[in-house]
């Protein structure tokens with residue numbers, strides 16, 4: 001089966017001015033990849049005729065399928081429908097069914113139909129109308145016949161608001177894609193790792209994967225804070241045969257650095273393992289200031305395993321809530337192995353949990369010393385029969401420091417939970 | 001002054017597959033708009049040579065300034081540097097200063113330099129090196145001389161990770177843009193509000209601003225979770241004269257709904273006001289699970305005002321850490337006005353702070369009842385001489401619920417702190 005070339009055109013001046021985050025790119029990109037149709041190119045253009053015309057001509061010159069978002073609404077900067085009709089030499093005509101639906105939309109809201117709404121019922125001749133169950137602007141799907149020199153192409157126009165676009169895509173566009181382009185082979189596996197930098201990850205796996213990459217397996221990396229994702233993909237059945245071999249190599253080379261091989265987060269892994277064992281967790285956070293607790297409680301069902309979080313920014317709170325001894329604070333300081341140990345053990349004992357994590361460090365920008373510069377952090381893990389302490393150095397800005405430390409703390413717990 | 005044509009090329013297969021949200025587009029778009037250089041076009045391409053070459057040729061054919069993101073790292077899919085050198089016929093040569101920095105980066109982390117890291121020290125001849133203070137890959141700025149037919153252009157290459165790209169842009173790219181393209185008149189004011197929806201905000205201000213909008217003032221809205229931003233802008237000196245009048249109208253109509261008229265966050269407003277008064281805060285969080293503490297501790301200097309955070313997910317923790325009475329929990333439940341009151345007062349009394357915030361609610365997806373459906377939340381604020389309780393209904397997904405609730409809690413505190 002041939003590869004389908006898909007381009008995405010997002011229209012909207014607000015996207016280019018950074019007033020709105022372009023979530024369509026991610027949502028449609030992920031949906032299409034899951035269907036086996038990875039997007040080959042995405043462009044954002046302002047709500048302007050010439051920009052739209054250039055982008056459409058370019059995209060239709062290259063792609064089998066062009067999807068546009070936005071510009072179908074009622075206001076004066078919504079120009080997609082008119083421009084496309086003009087560019088392709090197609091007449092717009094009034095669709096009485098759409099008109100009736102627009103009238104109904106306003107009627108059930110007890111509002112008069114604004115005069116600019118009627119233009120949404122103007123449909124390019126021959127277009128398939130995609131009904132909008134959450135708004136007034138219908139989407140449109142247009143097949144552009146091939147000629148002696150060109151193949152048939154599809155142009156699909158979707159409305160801008162995500163809650164209108166998303167159900168329209170799922171319910172009405174996917175069946176068109178399946179019918180027109182079949183069910184292609186596109187296998188993609190993501191391995192989420194933590195504890196090793198991107199360059200080290202590549203050193204470990206790339207030499208072993210070279211043969212499979214030459215056979216067509218694609219290998220990609222994505223570095224985030226405290227996390228590197230390795231992506232293997234195969235775009236056809238021939239290549240897909242090598243996928244399980246490639247996966248086995250990644251597992252073998254990266255072993256326990258891999259915490260998930262899908263869309264699961266590190267906090268979900270930890271919560272799920274604790275829940276599976278009916279075990280519980282307490283958290284004692286100083287420099288991470290609640291971030292670890294926040295991540296744990298983002299997981300639905302966390303209440304089954306998470307008993308209490310103590311955010312002890314001050315020495316007084318460390319003493320009162322965790323029982324850290326005055327002598328320890330005076331002799332070793334709040335940022336020390338000893339304090340991390342007493343914090344973890346105090347949280348575990350007082351809240352009668354199976355595990356407790358403690359973090360104490362210097363997030364900065366101030367507070368560093370020669371011995372303990374900004375970025376120094378001690379992570380304690382108290383568990384049945386043992387407490388372990390890890391010392392790390394994360395010399396980054398405050399929020400990166402916090403996130404990286406939270407990642408290290410959750411991973412220390414994960415590695416000690418077993419599977 | 002002529003308009004500067006700016007195009008943005010985001011590289012990364014992970015962006016097209018929807019694995020990563022393209023936040024560069026928003027961040028750079030907003031930064032450049034604030035500088036007076038709105039982006040005219042943005043494109044995302046995979047990590048592939050032919051796609052990069054086409055995109056670069058197209059962009060350099062149209063724009064005065066092309067900014068690329070990504071593809072500068074150490075791994076084999078990082079190809080931007082090599083491709084651009086090849087496309088422009090420039091040699092790459094080893095930069096010994098960069099090499100020394102890369103070696104230092106790994107040395108202070110007690111790690112050997114991976115061999116693939118060295119390629120990041122290969123610099124196109126004539127390029128300005130943009131130092132990376134948060135990673136190993138330097139950015140590059142290249143001026144492409146004009147010819148008889150073309151004007152001089154700039155090509156700026158930035159690394160993919162946001163925490164590397166953002167300071168590099170702010171500290172090193174902006175001075176180049178100012179020097180090369182001047183300082184266009186572009187006055188922009190953002191008002192951050194919370195507590196009113198976008199449609200209501202527009203209803204309050206738009207009629208009063210109509211005359212100034214007709215005179216050229218641009219008015220924009222951006223709705224986020226628990227926050228609507230109003231943006232006024234003027235693109236030339238003639239229009240900029242009306243700016244202060246427009247600002248006065250926004251202030252008059254929105255009053256205390258505005259919590260900041262610049263890039264300051266709600267947590268920064270709260271921390272700064274408490275610090276200015278030498279007052280202190282404790283937090284008792286149930287359903288927000290540490291998010292409010294996390295936001296407060298993202299503010300440098302928070303340790304001066306933030307004494308302790310108690311994340312009391314379980315009833316036992318609410319009793320043990322905050323002194324909530326068994327009778328209260330049995331009679332009214334954990335999610336109730338009475339529990340919120342005892343949580344806030346308990347946190348304030350035990351930690352001897354001036355203020356304490358407590359939140360208890362049902363984040364979902366499970367746990368709702370007919371009386372108290374998912375989304376129900378009580379926010380308590382204990383302060384000198386008084387405790388107030390606010391009941392809200394935030395029926396959204398778990399993370400939106402948490403963020404919106406944290407916004408409401410911080411705003412309740414802000415409104416009771418005075419200025």
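Where a number appears in this text, it was derived from the coordinates with a stated rule and is not lab data. Fair warning: this is a prediction, and the values are worked out from it, not measured in the lab. With ideal geometry, Cβ positions are generated from the backbone for all residues, glycine too; neighbour counts draw on all protein chains shown.
In a GNM of chain B with a 10 Å cut-off on Cα contacts, which of B:260, B:63, B:148 has the highest mean-square fluctuation? Residue with maximal mean-square fluctuation among B:260, B:63, B:148: B:148. Each residue, residue A:352 and residue B:210, gets one label point 7 Å from its Cα in the Cβ direction; the gap between the two is 6.8 nm.
What does the highest-first list of A:408-414, A:340-346 look like by mean Cβ count within 10 Å?
On the way: A:408-414: 22.6, A:340-346: 26.1.
Descending mean neighbour count gives A:340-346, A:408-414.
Among B:387, A:183, A:239, rank each residue by its count of other Cβ atoms within 10 Å, from fewest to most, as a rough exposure measure.
Starting with the residue having the fewest Cβ neighbours, the order is A:183, B:387, A:239.
Averaged over the residues of A:223-231, the number of partner chain Cβ atoms lying within 10 Å of the residue Cβ comes to 3. For A:27, A:154, the sequence from fewest to most other C-beta atoms within 10 Å is A:27, A:154.
Kirkwood's formula applied to the C-alpha pairs of the stretch A:187-260 gives a hydrodynamic radius of 12.2 angstrom. For the residues of B:293-305, the average number of beta carbons from a partner chain within 10 Å of their own beta carbon is 6.
Taking chain A as a Gaussian network of alpha-carbon nodes connected by springs under 10 Å, the highest mean-square fluctuation of the residues A:61, A:290, A:226 belongs to A:61. Peptide A:264-276 shows a mean partner chain C-beta count of 0 within 10 Å per residue C-beta. Between the beta carbons of residue A:236 and residue B:179, assuming R0 = 51 Å, the FRET efficiency works out to 0.55 to the nearest 0.05. Helical content of chain B, expressed as a calculated mean residue ellipticity at 222 nm, amounts to -12000 deg cm²/dmol (DSSP H runs of 4 or more residues, -39,500 (n - 2.57) each, divided by residue number, nearest 500).
Quick check on chain A: of the DSSP beta bridges with both residues there, what percent are antiparallel, nearest 5%?
On the way: 41 of 67 bridges.
Bridges in chain A that DSSP calls antiparallel: roughly 60 percent.
Counting only the backbone N, which residues of the stretch A:233-276 are under 20 Å from the spot 7 Å out from the Cα of residue B:316 toward its beta-carbon? Residues passing the 20 Å test: A:271-276.
In the frame of its principal axes, the stretch A:6-181 has Cα extents of 48, 38, 32 Å, reported largest first. Note on the stretch A:291-332: Cα Rg divided by 2.2 N^0.38 Å, N the number of residues, gives 1.51.
With the label put 7 angstrom out from Cα along the Cα-to-Cβ vector, residue A:279 ends up 4.4 nm from the copy partners, going from closest to farthest.
Could you state, as a whole-number percent, how many of the C-alpha pairs of the protein assembly as shown are farther apart than 44 Å?
Values: 116507 of 350703 pairs.
Across the protein assembly as shown, Cα pairs with separations above 44 Å total 33 percent.
Cβ-to-Cβ counts within 10 Å put A:28, B:56, A:417 in ascending order as A:417, B:56, A:28, the fewest first.
Along its principal axes, chain A has C-alpha extents of 84, 60, 42 angstrom, given from the largest down. Annotation for residue A:150, label-to-label distances across the other copies: 2.8 nm (shortest first, one decimal, point 7 Å from Cα along Cα→Cβ). Across the stretch B:304-330, the residues whose backbone nitrogen lies under 18 Å from the label position 7 Å along the beta-carbon direction of residue B:366 are B:313-315. Label-point spacing at residue B:220 relative to the other copies reads 2.8 nm, in ascending order, each point sitting 7 Å out from Cα along Cα→Cβ.
Among B:205, B:357, B:307, the residue with the largest mean-square fluctuation in a Gaussian network model of chain B, with springs joining Cα atoms closer than 10 Å, is B:307.
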